[in-house]
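*Asks:* Submitted below is the structure of interest, expressed as structure tokens.
The values are calculated or read from the model by the stated rules, or taken from the named source; none is laboratory data. Just so it is clear, the model here is predicted, and its values are computed rather than measured. Cβ atoms come from the backbone with ideal geometry, glycine included; neighbour counts cover every protein chain shown. Surface areas here come from the heavy atoms of the whole protein model, side chains and all, with no ligands, DNA or RNA. Shrake-Rupley method; radii C 1.70, N 1.55, O 1.52, S 1.80 Å.
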Amino acid sequence: MRRPPSIVTLLSTLLVVVAIFGAGSALAATAGDDPGTPHAVTTENDTVGRLTVPDGAATGESATADLSSALSGQQERLQSTLQTGQFRSAFESARNESAKSAVIDATLDRLEARAMTLRDQRQTAIQSFTRDEMTSSELFRELARIRIASEEINQQVAVLETVVQESSVVSLSDDATATLAAIDGEVITLQGPITARLTASLRGIAPPRSIGVISSESGAVLTAIDGGTFLREATLWSERLDSGANQFEQGDTAPLSRAYQQVQGAYPWAVENLVSGLSVTGFGESTVYAVELTHSHGDLQTYLDGRTTNVFYEVQQLQLSSLPTGTVAANTTDGVLLEVNATAVGPSAVTVRNATTGKRVIAEITVETATRNRSTIGSRLWLLETDETRTITARRPDGTTVAVTVGS
């Protein structure tokens with residue numbers, strides 16, 4: 001079976017019990033010197049902060065069933081099946097422990113290189129989309145292919161571990177275990193919750209889904225609304241380096257404690273409003289560190305690179321009903337009030353109410369942009385963040401109509 005992350009609860013902000021992913025041991029550490037100032041994470045007074053992308057352009061796109069995406073995913077699965085068979089054959093035919101270990105090492109090296117290639121391909125695709133060299137449909141197909149390919153890496157690793165566990169001749173070496181942890185650290189950014197939903201929509205096993213995209217040369221943010229939950233995954237690859245010293249290992253304070261200190265500085269509201277599940281996780285000898293927690297507005301998973309000491313990847317799942325909002329546009333016609341209330345983390349709520357009583361009223365809400373129209377029947381609609389100018393219209397069954405325009 002695929003190894004789950006080692007999650008160990010933080011007993012307090014001063015005494016931290018942490019687990020090294022893949023190392024099978026725990027240690028206690030005391031918080032000490034602050035390794036630096038958190039970078040690119042906003043600080044909010046009344047909700048969780050968020051990892052931002054400098055100079056990002058925000059658009060809203062739709063992911064729908066796509067035959068070519070399904071075929072591309074099937075090709076990735078077929079290739080993985082062939083490689084798994086090749087590994088089994090090579091391992092079984094190896095005559096001794098040394099030969100079997102060589103097969104294991106070669107397979108893990110190949111999978112690690114593949115994971116790094118996928119990470120680079122994801123970055124290239126998003127940069128191409130930012131430069132208008134790739135359409136949203138092409139971007140989504142590539143993101144789905146990369147996710148499926150990364151899942152196949154997980155599957156091949158699971159097979160390798162099972163084969164080794166069943167062997168009486170060989171076991172995983174320390175180097176092999178370190179490579180496994182490095183692979184885990186590579187694929188983690190390729191398998192967020194939004195790419196999972198995007199992939200399902202492209203395969204036709206889930207309905208079409210609106211996806212928000214904020215992209216730039218240095219990173220990307222993907223957003224989606226799933227029922228009453230706002231999903232957000234952000235990557236800032238400029239804050240992850242492939243070489244250099246692990247700054248979290250410098251000094252007397254344990255690396256995982258230093259990573260936690262960075263998160264305390266980057267997300268002070270989330271730490272102060274902690275509910276449960278606070279954990280710090282390392283990935284073997286890699287420089288990747290994960291901090292997860294549940295706060296009063298939802299869940300935060302954030303990943304730091306010890307070489308930069310900064311957050312480079314973040315996943316948030318927030319309850320829309322808990323997020324504070326502020327009115328950014330409003331208009332009243334014949335006693336019908338249409339309001340647009342924005343949150344600090346991205347989405348905006350459109351509500352239609354009786355201007356006198358404040359009670360919600362049923363209306364058809366239509367959102368018109370330069371590229372699309374969207375309508376819903378109800379009294380509340382959540383919209384993803386975009387740079388587009390949007391005209392929002394609410395029409396009651398009696399014909400009363402009220403509209404506002406938001407955006408640049």
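*Asks:* Here are the criteria: (1) of a type outside the set (Asp, Glu); (2) over 24 Å from Thr124 (Cβ atoms); (3) surrounded by fewer than 22 Cβ atoms within 10 Å (Cβ to Cβ); (4) in contact (Cβ under 8 Å) with a residue 60 or more places away in the chain. Tell me which single one Ile205 does not satisfy.
*Replies:* Looking at each condition in turn, Ile205 falls short on (4).
*Asks:* Suppose we filter the stretch 265-296 for residues that are modelled with pLDDT of 95 or more, touching a helix residue (DSSP H, G or I) at 6+ places or on another chain (Cβ under 8 Å) and surrounded by fewer than 22 Cβ atoms within 10 Å (Cβ to Cβ); how many remain?
*Replies:* 2
*Asks:* Let me ask you something else. Identify, from the list Ser62, Ser89, the residue that is open to solvent by 30 Å² or more (accessible area, probe 1.4 Å), assigned by the TED database to the domain that holds Ser150 and among the polar types (S, T, N, Q).
*Replies:* Testing whether each residue is open to solvent by 30 Å² or more (accessible area, probe 1.4 Å), assigned by the TED database to the domain that holds Ser150 and among the polar types (S, T, N, Q) leaves just Ser89.
*Asks:* Please note which strands (runs of 3 or more DSSP E) are completely contained in the stretch 298-399 and include at least 2 residues that are in contact with a helix residue (DSSP H, G or I) (Cβ under 8 Å, 6 or more places away or on another chain).
*Replies:* Ranges flagged: 298-305, 310-319.
*Asks:* So which residues in the stretch 241-286 are touching a Leu at 6+ places or on another chain (Cβ under 9 Å), within 30 Å of Ile211 (Cβ to Cβ) and part of a loop (DSSP other than H, G, I, E, B), if there are any at all?
*Replies:* Tyr267
*Asks:* Next question, about the same structure. Of all the helices (runs of 4 or more DSSP H) wholly in the stretch 93-198, which have at least 2 residues that are open to solvent by 50 Å² or more (accessible area, probe 1.4 Å) and without any contact (Cβ under 8 Å) to a residue 12 or more places away in the chain?
*Replies:* Per the criteria, 97-130, 136-166.
*Asks:* Additional query: Would you tally the residues in the stretch 316-350 being of a type in the set (Val, Ile, Thr), open to solvent by less than 10 Å² (accessible area, probe 1.4 Å) and more than 15 Å from Glu385 (Cβ to Cβ)?
*Replies:* Total satisfying the criteria: 1.
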